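K.L.:
I'd like to ask some things about the structure below.
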Amino acid sequence: MTGKLIGVEQAVDLVRDGDALWIGGSGAGHGVPQSFIDELAAKFARSASPRDLTTVRVVGIGDFGDRGFSQLALPGLTRRTIGSNIGNEPRLGALAAEGAIESYSFPQGVLSALCRDIAAGRPGHLTHVGLGTYVDPRQTGGRQNVRTAEELVQVVELAGREWLFYPALPVDVAVIRATTADEDGNLTFEREPILGDSLALAMAAHNSGGLVIAQVERLAARGTLRPNEVRIPGAIVDHVYVDQEQRQTYSTGYSPFYSGELRMPSGGGVPTPLNVRKVIARRALLEFRPGDICNLGFGISQQIGAVAAEEGVSERLTLTVEQGIFGGIPAHGPDGGAGVNYQARLEQPSMFDFYDGGGLDIASLSFAQVDQHGNVNVHAFDERMRGPGGFVNISALTRRLCFVGTFTAGGVRVALTDGAPKIEREGVQRKFVKAVREISFNGRIALSKGQVVRYITERAVFALTAEGLELIEIADGLDVEKDVLAHMEFRPKVSGRLRLMDARLFLPARMGIAADFTADERS
């Protein structure tokens, strides 16, 4: 590998002042070239170079603490940062909140597709995704602070309708991660949890005249890698460095289930402990139908996969994760983004093509705020800077949507006894508000598209109607006025057919959803 094999220190030395540096990977270490990030931060601490970078990542990279892009929160290192969720990177988010750097937040699928558009030499990415949301230039245009002045998103009219245009961005250096490189720089991903945007990003850098640098775990002799396993050809890889301690994610050294090397044995054991989050996940699962192709978002929604497995219905659904996992059971917690027992592992841009085109039957996503018009805010609340990740893409055209979360926040405590919830302490923060701070999902546009929307909490369920929100279910033993309406900033319509939430939601035993699915299949 003469000329291509270098050390990580040499790799970092290739980054110049003012470069547009793109780093591959996702979330909490999935496919992240962490050694490069470590060395870049260390070099800047030593020498104050390179300076004034534009740092770009498709997905937020970090453990919500000090690892990942938080390490790049060094004054002078970054001039501008672009991503889909700076919430993973609280130290960098703090710099942006202070106005010390420019910061843009774009939908994850937009940035993913943009990698491919840049590779193809197109002027940018044209899409319906983001219209009527915060990233629409008639709202914030994705700009996260007053320092960020340049408008990068445009509204254009084509074929009689509006679109958003996200222009191509420069790519001076792209750093990606694989498992194995041979002597020609061909890359395979056999131990990786995801494929991500690696191929599209490498092509974007190469075709932009930039450098492609790959972190790998091991080296192989020329001609020993199976050609059908090579994901990125060595001809477009400029340099390779080795990290023999490379971890699959920040939390997991290596799981053969995440890589697809092995299938995890069926669960069917003792049900997971009952708590409020599980109640909400269970209620969301009741909206799913046999044969549905689904997406499960971050947070509470991640638990739906585990509940579906516990109930014995996971194989009657096709669960997907935007990072490219198609089928199987998505991982939850810090390893969210990976999956086990999947049918296929796609590249992320292809997964978002499927989502953006309306391929999903149903999705379950979190909410931070909901307003009287059914708008949802998931990315801009309290004082910490965040982003929507793939939320805007996923919610844009999915036929049926569940937005899930606790009814209030800030100390809410709900006891689950005798098959019903009891509110022991109410949260101090209202989540059902007159107007959301920023729009991640536009209720009016959803109605115009015929989307069916539910807002699911531990005590009540709402539906989106032409008149706004309608209360359609309440938990047994709770009072509509005292336990629900009194804690909302607006008064929703109350259905004349108000139902009780399914009592099985609040009991520790399995719900028996498999029988419900069988009944649906026969009907």
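K.L.:
Given the stretch 205-248 reduced to its alpha-carbon atoms as identical point scatterers, what log10 I(q)/I(0) does the Debye formula return at q = 0.21, 0.23, 0.24 Å⁻¹?
P.N.:
Computed log10 I(q)/I(0) values: -0.85, -0.97, -1.02.
K.L.:
Please report the carbon-and-sulfur percent of the accessible area for the stretch 1-114; probe 1.4 Å, protein heavy atoms only, DNA, RNA and ligands left out.
P.N.:
The value for the stretch 1-114 is 50 percent carbon and sulfur by accessible area.
K.L.:
Now a separate question. How would T408, T318 rank on accessible area, largest to smallest, probe 1.4 Å? Each step should come with its number before you reach the end.
P.N.:
Values: T408 0, T318 25 Å².
Descending order: T318, T408.
K.L.:
Considering only protein heavy atoms, what is the solvent-accessible area of S448 at a probe of 1.4 Å, reported in Å² to the nearest 10?
P.N.:
100 Å²
K.L.:
Enter the accessible area of E467 (Å², nearest 10), with the probe set to 1.4 Å and all protein chains included.
P.N.:
Roughly 140 Å² of E467 is accessible to a 1.4 Å probe.
K.L.:
Got a number for carbon plus sulfur as a percent of the stretch 454-523's accessible area, 1.4 Å probe?
P.N.:
50 percent
K.L.:
Related question: Between Q139 and V428, what's the calculated FRET efficiency when r is the beta-carbon distance and R0 is 25 Å? Round to 0.05. Walk me through the numbers before you get to the answer.
P.N.:
Values: r = 28 Å, r/R0 = 1.12.
For Q139 and V428, the calculated efficiency is 0.35.
K.L.:
Something else about it: I need to check one value: relative contact order of the stretch 215-289, counting alpha carbon pairs closer than 8 Å and at least 6 residues apart, in percent. Walk me through the intermediate numbers first.
P.N.:
Numbers: 28 pairs, mean separation 19.9, N = 75.
It rounds to 27 percent for the stretch 215-289.
K.L.:
Nearest 5 is fine: what % of DSSP beta bridges in the stretch 419-523 come out antiparallel, could you say? Present the calculation step by step, with values, prior to reporting the outcome.
P.N.:
On the way: 9 of 13 bridges.
In the stretch 419-523, approximately 70 percent of DSSP beta bridges are antiparallel ones.
K.L.:
Students sometimes get this wrong: rank Y104, Y258 by accessible area, probe 1.4 Å, all chains present, largest first. Walk me through the numbers before you get to the answer.
P.N.:
Working: Y104 5, Y258 30 Å².
From most exposed to least exposed: Y258, Y104.
K.L.:
Continuing with this model, one more query. Please arrange K431, K482 by accessible surface area, largest first, computed with a 1.4 Å probe and ligands excluded.
P.N.:
Numbers: K431 20, K482 135 Å².
Most to least solvent-accessible, the answer reads K482, K431.
K.L.:
What list of ³J(HN,Hα) couplings, whole Hz, do you get for the stretch 8-22 from phi and the Karplus terms 6.51, -1.76, 1.60, once you set θ to phi - 60° and write x for glycine and proline?
P.N.:
So the J values, rounded to whole Hz, are 5, 5, 5, 4, 5, 5, 6, 7, 9, 3, x, 5, 8, 9, 9.
K.L.:
A further question follows. Taking 0.36 nm per intervening residue step and subtracting the Cα-Cα distance, what contour gain separates Q10 from A486 on full extension?
P.N.:
165.2 nm
K.L.:
Mind checking the dipole of the chain: about its Cα centre, +1 per Lys or Arg Cβ, -1 per Asp or Glu Cβ, Debye to the nearest 20?
P.N.:
Once rounded to the nearest 20, the dipole reads 880 debye.
K.L.:
What length, rounded to one decimal in nm, is gained on full extension from D520 through to Y254, with 0.36 nm per residue of separation minus their alpha-carbon distance?
P.N.:
Details: separation 266, 0.36 × 266 = 95.76 nm, distance 3.91 nm.
Result for the pair: 91.8 nm of gain on full extension.
K.L.:
Taking Cα atoms, how many degrees apart are the long axis of helix 513-522 and the longest axis of the chain, rounded to 10 and kept between 0 and 90?
P.N.:
In the chain, helix 513-522 runs at an angle near 80 degrees to the longest axis.
K.L.:
If you roll a 1.4 Å probe over the stretch 199-307 with all protein chains in place, what percent of the accessible area is carbon or sulfur?
P.N.:
Summing carbon and sulfur atoms, their accessible area is 52 percent of the total for the stretch 199-307.
K.L.:
At 1.4 Å probe size, with every protein chain present, just tell me what the per residue accessible area of the chain comes to in Å².
P.N.:
Per-residue value: 39 Å².
K.L.:
Let me ask something else. Helix 108-119 versus the longest principal axis of the chain: what angle, 0 to 90°, nearest 10, using Cα atoms?
P.N.:
Here the helix axis deviates by roughly 30 degrees.
K.L.:
What does the accessible area of D516 come to, in Å² to the nearest 10, when a probe of 1.4 Å is used?
P.N.:
60 Å²
K.L.:
Shifting gears a bit: In nm, to one decimal, how far is the modelled label at A220 from the one at Q154, with both set 7 Å along Cα→Cβ?
P.N.:
4.5 nm
K.L.:
Helix 34-47 sits at what angle to the longest principal axis of the chain, using alpha carbons and giving 0 to 90 degrees rounded to 10?
P.N.:
It is inclined by approximately 60 degrees.
K.L.:
I'd like the distance separating the alpha-carbon centroids of the stretch 378-419 and the stretch 460-483, in whole Å.
P.N.:
Taking the Cα centre of the stretch 460-483 as reference, the centre of the stretch 378-419 is 17 Å away.
The values are calculated or read from the model by the stated rules, or taken from the named source; none is laboratory data. Quick caveat, the model's predicted, so the values are computed rather than measured. Methodologically, a virtual Cβ is constructed for each residue, glycine included, from the backbone with ideal geometry; neighbour enumeration extends over all protein chains shown. Each accessible area value is taken on the protein alone, full model and side chains, heavy atoms only, with ligands, DNA and RNA left out. Shrake-Rupley method; radii C 1.70, N 1.55, O 1.52, S 1.80 Å.
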